[in-house]
Amino acid sequence: MAPDAGETPRDQHVMPQTNRVKIFDTTLRDGEQSPGATMTHEEKLEIAQLLDEMGVDIIEAGFPIASEGDFKAVSEIAKVTRNASICGLARANFKDIDRCWDAVRHAKRPRIHTFIGTSPLHRAIPNLDMDQMAERIHETVTHARNLCEDVQWSPMDATRTEHDYLCRVVEIAIKAGATTINIPDTVGYTAPRESAALIAMLLERVPGADEITFATHCHNDLGMATANSLAAVEAGARQIECTINGLGERAGNTALEEVVMAIKVRHDIMPYKTGIDTTKIMNISRRVATVSGFPVQFNKAIVGKNAFAHESGIHQDGMLKNSETFEIMRPQDVGLNDTNLVMGKHSGRAALRAKLKDLGFELADNQLNDVFVRFKDLADRKKEVWDDDLIALVTQNDASQDRLRLKHLRVICGTDGPQKADIVLEIDGQERSVTATGDGPVDATFNAVKALFPHGATLQVYQVAAVTEGTDAQATVSVRLEEQGHIATGQSADTDTVVASAKAYINAINRLIVRREKSAPGADTKTISYRDAG
Ligand code: KIV
Ligand code: ZN
């Protein structure tokens, strides 16, 4: 139960003067910590750059003490980011905070984010009583503030913390120099009215609360993260913590695209401003889906494939007469092109470059050459190449470092199984072949790969989606593998679903090999989670 779930009427507390809401993106920290969403160093840098370009105010780039890799990613993002503040996460101890500062100190605008679990359940983890925890908060926030001018403090599981104690610790953190107080709904338990009441209660009761920024950080376990974040803003929070596509552990975090578009579209009832260039939303959503290996569900608000599709006759008729009949925002507002112009096998390199630029992809010459070869190959097999086909081509993972490559695949299917797959793989430069059977063409193919490259990984996810309509549509396949705690996701697209499956499976194995090598003794291993907080 949430303690003291009563309400504080809005007019009894001081509301902030500004209607500007800061967007704090934690895709690279809370999002990346969701099992299976691990990104490579280069991918993190790319996403950070896209976040900066779209106008995110604060990028939480990682948890520097967690691993060497996290530290390097946060410090490099801190060095190269032009506009956004760069924030790192630290538990409530000096070692974490020092490591965090070492990583973010290079930023134009560095921020340390330190936190401790304050609810009864979380207080039991470090075995501190209320007074001892209060003392720890005072010491650690003071220490962080001595290093950095911009300090954010979070009482983890705030929505299940006793109100009197929450007021007490928030006041201590403010007095120790915290400039932002974040109120996390760590387990996605709160509801909009309660979320608003909590911020209102803090603004009313805590001395000095009107001099700092309150942030809201919601998880989506009950599907209320967006509503809870917006309710907190209505009560006076001026920073929303969120991730692209709502990426994050369990049901995820508040989705950036949802809160930003809600504020934009319903400005009449939510008169706030963000600094986000909403036309960049689709591109970054696609990139995050690709590099995290978490595809966006078709009917996801704002960025789902069907979010702007109007298929039923009545809808189409209405749309042709006046697009506002069924559309509350224009596709262009989120970076979706009006046209879904078809390219064909006679389209040249310049047309491809222009089309990709239109779709938000500016490729270097060598990348364009690679995509052009694959585009020609696809155009030979498929009459029309649509925007989504091109996006699927461009967003396929870079295979230059792969140890396993698919050279040839022939599958025999039919009603009288078992199905049979002949496969040739190049493994570390050497071609090897095998024939395997299985319960269906995909099973036979995966068995053949495993016969040539034995491994102990288990298949966690196998997902197929059609990129466009029609029987010659490309299929995108996602495969997630798990081996001794390492998770890797592979993706691929092809007009042949079994070929796409084979490539996605091989891609996942290649990524798993990288993970394995990284965590060999002496190598970089991620052992600490912020959930271990004490
Ligand atoms: O959900 C949570 O409580 C967090 C904190 C570390 C802010 O992510
Ligand atoms: Zn969180």
Test: residue in the range 221-241 that is within 23 Å of ILE47 (Cα to Cα), open to solvent by 40 Å² or more (accessible area, probe 1.4 Å) and within 18 Å of the chain's Cα centre (by Cα): no
Filtered residues of the range 112-126 (kept if assigned to a strand (DSSP E or B) and touching a residue at least 60 places away in the same chain (Cβ under 8 Å)): HIS113, PHE115, ILE116, GLY117
Pair list, Cβ < 9 Å and 6+ apart or interchain, from the range 243-272 residues that are assigned by TED's automatic domain parsing to the domain that holds ASN19 and without any contact (Cβ under 8 Å) to a residue 24 or more places away in the chain to residues that are surrounded by fewer than 24 Cβ atoms within 10 Å (Cβ to Cβ) and in a strand (DSSP E or B): HIS267/LYS273
Which listed residue, of ASN283, ASN299, is open to solvent by 20 Å² or more (accessible area, probe 1.4 Å), at pLDDT below 95 and either assigned to a loop (DSSP other than H, G, I, E, B) or basic (Lys, Arg) (or both): ASN299
Selection count where residues are outside any loop (DSSP other than H, G, I, E, B) and either surrounded by fewer than 18 Cβ atoms within 10 Å (Cβ to Cβ) or modelled with pLDDT under 85 (or both), scope the range 380-404: 11
Of all residues in the range 148-163 being without any contact (Cβ under 8 Å) to a residue 60 or more places away in the chain and charged (D, E, K, R), the one that is surrounded by the fewest Cβ atoms within 10 Å (Cβ to Cβ): GLU149
Any hit, the range 482-493, residues being on the phi < 0 side of the Ramachandran plot, open to solvent by less than 20 Å² (accessible area, probe 1.4 Å) and out of contact with any Lys or Arg (no Cβ under 8 Å at 6 or more places or on another chain): yes
Index of the failed condition, TRP153 passing every other in (1) over 22 Å from LEU89 (Cβ atoms); (2) within 16 Å of ligand 2 (Cβ to nearest atom): (1)
Subset of the range 27-47 [polar (S, T, N, Q) and within 15 Å of ligand 1 (Cβ to nearest atom)]: THR27, GLN33, SER34
Residues satisfying the stated conditions in the range 17-32, i.e. touching a helix residue (DSSP H, G or I) at 6+ places or on another chain (Cβ under 7 Å) and either open to solvent by 10 Å² or more (accessible area, probe 1.4 Å) or assigned to a strand (DSSP E or B) (or both): ILE23, ASP25
Hey, ALA107 assigned to a loop (DSSP other than H, G, I, E, B), more than 16 Å from ligand 2 (Cβ to nearest atom) and surrounded by 21 or more Cβ atoms within 10 Å (Cβ to Cβ) or not: yes
Meets criteria (open to solvent by 10 Å² or more (accessible area, probe 1.4 Å) and either in contact (Cβ under 8 Å) with a residue 12 or more places away in the chain or assigned to a helix (DSSP H, G or I) (or both)) for GLU194: yes
Top-ranked residue in the range 108-129 [being of a type in the set (A, V, I, L, M, F, W, C) and within 15 Å of ARG29 (Cβ to Cβ); ranked as nearest to ligand 1 (Cβ to nearest atom)]: PHE115
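The values are calculated or read from the model by the stated rules, or taken from the named source; none is laboratory data. From a predicted model like this one, the values you see are computed outputs, not experimental measurements. Cβ atoms come from the backbone with ideal geometry, glycine included; neighbour counts cover every protein chain shown. Heavy atoms of the whole protein, side chains included, go into the accessibility calculation; ligands, DNA and RNA do not. Shrake-Rupley method; radii C 1.70, N 1.55, O 1.52, S 1.80 Å.
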